[in-house]
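The structure appears below as C-alpha cells.
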Amino acid sequence: MTDTDISSIGIRRDMAAMTFAEKVLTRASGRTVVPGDIVNAKIDLAMSHENAALVLRSFHEIGAEHVWDRDRIVLLFDHRIPANTTKAAEGHKTVREFVKKEKIPNFYDLREGVCHQVLPEKGHVRPGMLIVGSDSHTTTYGAFGAFSTGIGATEMASVWATGELWLKVPQTMRLKLNGVLHKAVEPKDVILFLIGQLTADGADYMSVEFTGPIVDEMSISGRMVLANMSMEMGAKNGVCFPDKKTMDYLERRVKQAMYPVVSDQEAQVAKELEFNLTDLEPQVACPHQVDNVKPVSEVAGLVIDQAVIGSCTNGRLEDLMAAEAVLRGKKVCDSVRLIIVPASREVYLDAADKGILSSLVRSGAIITNPGCGPCLGAHQGILAPGERCISTTNRNFRGRMGSPESEVYLASPATVAASALAGRIADPREVRR
C-alpha cells in the first residue's frame, strides 16, 4: 500500500460530511459511499492465525494458485502453541510449507504471541487502513484508528486470491464516555458495562466510535480493550480516533507515513449515546453470555477454582502490572489456580525485566508462554465439570474454557487478581484500601 492510497481521503473535503467508516470505505472502494451500500473494497492488510490451514483449503478449492500480494498478508500461530494435538501440528506444518512456497515475509511462528497484540507491535497497523482477519477480535486494531473486522475462512481465501472483499457500509454508533474512573476501575470494566447496557446485539453491524474524556485519558492498552470487545455488542468495527498517544506508540514501530482518519463533526450518525462513568464500580460478566453483566458487589463471594489473566483483551504489560499491584507480597488462595498468559513475547520480556513475573510467581501464579490457549479452552487450563473460573478473556459462552458444565466469569485484571487472593470473586477496591 502506498502513502497516496490512504492520504487520498483528503480529496473529499469538498463533499458531504462523512463518518470514519464512510471515509475508509470510500477510499477502499474508489466511490462515494453511504450506509447500506454494498462495496467491493480493496483490502490493505489480511491476517490469519492457525486457521490459515482452513483458509488454504478454500484457497485451493476456488482454483487460486498464488496470493494477490504477499506483502499485505500476515500469518502467525497463537491459538494452539506449542501444538497441543497431532492435528494442530499438521496444520502448523501445512501453513509453514505454504509460507515458504509463497515467500510470505510477514510470518511469525509460535514465538511471538497473540495476533492482535503482535500486529501493532510489529508495525503492521496504521490509522485509516482497512484490515481483515480470520478471527472475531480483529476489531482490536481500531484502537489505532484502523477499520478492522473479522471475516470467515472462505472470505479470507477470496481475499488471498483477489485482495478484495464485498462489504456493506455500516451505520455509525457514537459512544461518548464522560466522567473520571475510580483508580480500581479499568477499561475492561468500562467495556463490560457498555456491553451490558447495549446487549450482545445492540450495535449489530455498526461502526462504533469510542469518544469522550475517559477515552482521551485511557492508555493505548485500554483502548485496545474497548476495540477488542466492541464485537461482543455486535459491532462491525470499533474505533478510537488517533491522538498524540496513538502516534507516539506507532511512530516507534511504523516505517511508513501515517494519515489519521476521523469522522467529520457534522457527519450524521445513526445513534449517539453518552454515559457518565464516574460512579462505575468493577463489573463482572456472568455465565453464559458476555452481556450478562453485573456490578462485582452482586456476585462477590462466589467460590472460584481458577483465575486467568491474559489474552488479546487483557494480557498486556499494563494488565500484568495491575494484577501484580494487587498480589504483591501476598499469596494466592491454596484452592485457586492462577494462570498468567502474557499477550506477546515483547510483553513477556518487559514484565520479566521489570520483575513483574517473578513477583507474580512468588505469589503463586503459573506463567505460560504467550498465546491464546486457556481463552478458547484449547489447553493450558481447561476446566472440569462443576468448576468456576474468573478470567480477563473476552468470552464466557458455555463450554468456552472446557467442560460445558463449568462456569466462566469475565472481569478486569485487578478483579481477577483480588479474586485469586480471596478464593472467591472479590472487589479489588477492598484489597487496595
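The values are calculated or read from the model by the stated rules, or taken from the named source; none is laboratory data. Please read all numbers here as calculations on a predicted model, not as lab measurements. In this analysis, Cβ positions are derived from the backbone assuming ideal geometry, glycine residues included, and neighbour counts consider all displayed protein chains. With ligands, DNA and RNA removed, areas are computed over all heavy atoms of the protein, side chains included. Shrake-Rupley method; radii C 1.70, N 1.55, O 1.52, S 1.80 Å.
Which residue, 237, 394, 333, has the largest displacement toward the positive end of the dipole of the chain when charges sit on each Cβ (Lys, Arg +1; Asp, Glu -1)?
Value: 333.
Give me a comma-separated list of calculated 3J(HN,Hα) values for the stretch 388-399, in order, Karplus coefficients 6.51, -1.76, 1.60 applied at θ = phi - 60°, integers in Hz, x for any Gly or Pro.
Per-residue couplings from phi come out as 10, 10, 10, 9, 8, 6, 10, 9, 9, 4, 4, x Hz.
What is the magnitude of the charge dipole of the chain about its Cα centre, with +1 placed on the Cβ of each Lys and Arg, -1 on the Cβ of each Asp and Glu, and no other charges, expressed in debye to the nearest 20?
So the dipole magnitude of the chain works out to roughly 820 debye.
So which aspartates and glutamates pass the test for residue 183, namely a Cα distance under 13 Å, with those fewer than 8 places away in the same chain ruled out?
217, 279, 281, 427, 430
How much accessible area per residue does the chain have, counting only protein heavy atoms and a probe of 1.4 Å, in square angstrom?
Heavy-atom SASA per residue in the chain reads 39 Å².
Could you run the Karplus curve 6.51 cos²θ - 1.76 cosθ + 1.60 with θ = phi - 60° over the stretch 358-366 and give me ³J(HN,Hα) per residue in whole Hz, x for Gly and Pro?
5, 5, 5, 5, 4, 7, x, 7, 9
Cross-link partners among aspartates and glutamates for residue 271, C-alpha distance below 13 Å, same-chain residues fewer than 8 apart left out?
204, 209
Express the carbon and sulfur contribution to the solvent-accessible surface of the chain as a percent, rounded to the nearest whole number, probe 1.4 angstrom.
Roughly 49 percent of what the probe reaches on the chain is carbon or sulfur.
In vacuum, with every alpha carbon of the stretch 245-328 counted as one equal point scatterer, what does the Debye formula give for log10 I(q)/I(0) at q = 0.11 Å⁻¹? Two decimals, please.
Here log10 of I(q) over I(0) equals -0.63.
Out of the DSSP beta bridges found with both residues in the chain, what percent are antiparallel (nearest 5)?
Antiparallel bridges: around 20 percent, rounded to the nearest 5.
Please compute one quarter of the surface area of the Cα convex hull for the stretch 57-157 and express it in square nanometres.
Dividing the Cα hull surface by four gives the mean projection, 6.4 nm².
Just to be sure I understand: with springs between alpha-carbon atoms less than 10 Å apart, which residue in 195, 104, 339 has the highest mean-square fluctuation in the Gaussian network model of the chain?
104
Please state the charge dipole magnitude for the stretch 132-206, taken about the Cα centre, from unit charges on C-beta atoms (+1 on K and R, -1 on D and E), reported in debye and rounded to the nearest 20.
Magnitude of the dipole: close to 340 debye.
Report for the stretch 259-351 the percent antiparallel among DSSP-assigned beta bridges with both residues inside it, nearest 5.
40 percent
Which one, 285, 116, 343, is farthest towards the positive end of the dipole of the chain when Lys and Arg carry +1 and Asp and Glu -1 on their Cβ?
Of the candidates, 343 comes out farthest on the positive side.
Among 162, 98, 138, which residue has its Cα furthest toward the positive end of the charge dipole of the stretch 78-185, with +1 on Lys/Arg Cβ and -1 on Asp/Glu Cβ?
Projecting each Cα onto the dipole axis, the largest value belongs to 138.
Going down the list 87/255; 176/255; 188/245, which pairs span over 30 Å between their C-alpha atoms?
87/255; 176/255
Just to check I understand the Karplus step: with θ = phi - 60° and J = 6.51 cos²θ - 1.76 cosθ + 1.60, what whole-Hz values come out for the stretch 48-58, glycine and proline as x?
The phi angles translate into 9, 9, 4, 5, 4, 5, 6, 4, 4, 4, 5 Hz.
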